[in-house]
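What follows is a set of notes on a single structure, which appears directly below.
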Amino acid sequence: MRGRPAQGGATDGEILANIVMGQAELHQAYGGVVPEIAARAHVERLDVAMKLALEQADLTLDAVDAVAVAAGPGLIGGVSAGLVFAKAVAAARGAPFFAINHLEAHALSPRLAAEPDGPAAFPFLLLLASGGHCQLIAVLGHGRYKRLGGTIDDSPGEAFDKIGQHLGLPFPGGPHVERAAAAGDPNRFALPRPLSDRPGCDMSFSGLKTALRLEADKLIAAQGGLREQDVADLCASFQLAVCDSLAQKTARAATMFAELSEGRPACLAVAGGVAANQTLRTRLRNVAAEAGLTFAAPPLSICTDNGAMIAWAAMERRAAGGCPDELAAAARARWPLDPDAAPMLGSGKHGAKA
């Protein structure tokens, strides 16, 4: 990555290389991520990924003038492996070191590259939806985040994955559920929209996931299994329920955000792995239009976890006058974007993860 954030929300950042090495095949048999396997794979592949990135960018390590790494929140084994590797590279180069909150990197990714209305300018309303997180955030400026709502239990990405597993689809489930839903009837199964009757912008997906499983299990008991059309209809019904919930809560957040943005031209952005879902993008684009907001969504290559967004977050910090981190920076399993927000109901005794 080279360049820097420019004025007015535009950007002259250029992605020279963005190597992503997925681990889906390593976890396929388990139906979810196994922390020990994930950490080991990080150790085995980090040097290879860096070598490939330098080759793709046609650079040598001598050209690297700063090192950025995701330091959390997330599974501590994988985060620690990446952190140790990045520290070693920074120390060897004598380069500034940036320990980045990977949720902040997602939050800022619509400022790096976005469609259809171009990069998001501050302030903007963000729906961050991924495999581990779901929040509605007012992004008021670099380092200035106000959480307006979030999930009290499962994230939508986790729910997609668990539903995919229950229906016999490959891991990760999200893309496969979306693909199956394209051939399904979204109105065949009457699934709930949890918390839709309650004020505020908080969400819940655990009960929706359970309702879908019950519908699938009734079909299995009645006919001895699921037909291909059953799976398509279940996926379509589930996807519609998730999109309805996210769209409703985002519309409520847009009303709250109008006061925070003080009438300035503003944008609704979506980021995170679930932002790759095209049905969700369409629904959010409509929410933005109704609220008088522009709409920004990163390209698919920047929706899921990737190195380019981490580098961009470090560049944003530099442009805002922020300082690099000490090499003693620790890995963090929990790292709220809005530290002043009350812990979510389902966040556990250790407080909010994000």
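Values quoted throughout were computed directly from the atomic coordinates according to the rules given, and no laboratory measurement underlies them. Remember, predicted model here, so these are calculated numbers, not experimental data. When we count neighbours, we look across all protein chains shown, and the Cβ atoms used for this are built from the backbone with ideal geometry, even at glycine.
At a 10 Å Cβ-Cβ cut-off, how would you order Thr60, Thr282, fewest neighbours first? Before the final figure, lay out the partial values.
Working: Thr60 9, Thr282 12.
Starting with the residue having the fewest Cβ neighbours, the order is Thr60, Thr282.
Taking the 0 to 90 degree range and rounding to the nearest ten, how far is the long axis of helix 206-223 tilted relative to the main principal axis of the chain, both from C-alpha atoms? Helix 206-223 and the main axis of the chain meet at about 50 degrees. Sequence-ordered 3J(HN,Hα) estimates for region 175-191 from the Karplus curve with 6.51, -1.76 and 1.60 and θ = phi - 60° stand at x, 6, 5, 4, 5, 5, 4, 4, 9, x, 9, x, 9, 5, 10, 8, 9 Hz, glycine and proline given as x.
Longest exposed-loop-site-free stretch of the chain, with GluC sites (Glu not before Pro), DSSP loop and at most 14 other Cβ within 10 Å? Could the numbers behind the result be given before it?
Numbers: sites that count: Glu262, Glu326.
Of all site-free stretches, the longest is 1-261.
Restricting to DSSP H runs of at least four residues, report the calculated mean residue ellipticity at 222 nm for the chain, -39500 (n - 2.57) per run over all residues, nearest 500 deg cm²/dmol. Walk me through the numbers on the way to the answer.
Numbers: 11 runs with 158 residues, N = 354.
The helix-only estimate for the chain comes to -14500 deg cm²/dmol at 222 nm.
Each Cα pair under 8 Å and six or more residues apart adds its separation to the average, and for region 212-354 the resulting relative contact order is 16 percent.
May I ask you to sort Lys249, Lys51, Lys146, Lys162 by Cβ crowding, counting other Cβ atoms within 10 Å and putting the fewest first?
Working: Lys249 25, Lys51 12, Lys146 17, Lys162 20.
Ordered by Cβ neighbours within 10 Å, fewest first: Lys51, Lys146, Lys162, Lys249.
Checking the Cα-Cα distances for Lys218/Lys249; Lys209/Lys249; Lys162/Lys249; Lys146/Lys249; Lys51/Lys87 against a 26 Å cut-off, the pairs over it are Lys218/Lys249.
Within the chain, DSSP assigns beta bridges of which about 55% are antiparallel (rounded to the nearest 5). Per-residue Karplus couplings for region 94-103, computed as 6.51 cos²θ - 1.76 cosθ + 1.60 with θ equal to phi - 60°, are listed in order as x, 9, x, 10, 10, 8, 9, 6, 5, 6 Hz, Gly and Pro entered as x. Annotation: the residues Cys134, Cys323, Cys267, Cys303, sorted from fewest to most other C-beta atoms within 10 Å of their own C-beta, follow the order Cys323, Cys303, Cys267, Cys134. Strictly greater than 24 Å: what percent of every Cα pair in region 159-258 meets that? Summing the P(r) of region 159-258 above 24 Å gives 24 percent of all pairs. DSSP bridge analysis restricted to region 114-302 gives an antiparallel fraction near 60%, rounded to the nearest 5. Would you mind classifying region 50-167 by shape? Square roots of the alpha carbon gyration tensor eigenvalues, ordered a ≥ b ≥ c; an a/c under 1.5 is rounded, otherwise it is prolate if a/b is larger than b/c and oblate if not. Cα axes put region 50-167 in the prolate bin.
In sequence order, region 156-167 has phi-based couplings of x, x, 5, 5, 4, 5, 5, 5, x, 4, 5, 8 Hz under the Karplus curve 6.51 cos²θ - 1.76 cosθ + 1.60, θ = phi - 60°, and Gly or Pro positions carry x. Spatial offset of region 81-105 relative to region 185-234 amounts to 42 Å, using the alpha carbon center of each. Annotation: amide H of Glu115 within the under-5 Å range of Ala297, sequence separation 5 or more or interchain, hydrogens built in the peptide plane.
D for region 114-302, whole µm²/s, Stokes-Einstein with Kirkwood Rh over alpha-carbon pairs at 37 °C and 0.692 mPa s: what number?
Working: Rh = 16.8 Å.
Estimated via Stokes-Einstein, D reaches 195 µm²/s.
What's the angle, to the nearest 10 degrees (0 to 90), between helix 228-260's Cα axis and the longest principal axis of the chain? On a 0 to 90 degree scale, this one is about 60.
Database remark: amide H of Met203 closer than 5 angstrom to the amide H of Gly150, Thr151, Ile152 (H placed geometrically; neighbours at sequence offset of 5 or more, or on other chains; Pro and chain starts carry no H).
Can you classify region 134-181 as rounded, prolate or oblate using the Cα gyration tensor, where a ≥ b ≥ c are the square roots of its eigenvalues, rounded means a/c under 1.5, and otherwise it's prolate if a/b beats b/c and oblate if not? Before the final figure, lay out each step's value.
Details: a/c = 4.11, a/b = 2.73, b/c = 1.50.
Note, shape of region 134-181 comes out prolate.
Axis of helix 278-291 versus longest Cα principal axis of the chain: the two differ by about 80°, to the nearest ten degrees.
Let me know the Kirkwood hydrodynamic radius for the chain, please, with Cα pairs as the basis and the value in Å to one decimal. Present the calculation step by step, with values, prior to reporting the outcome.
Working: mean 1/r = 0.0476 Å⁻¹.
Result for the chain, one decimal place: 21.0 Å.
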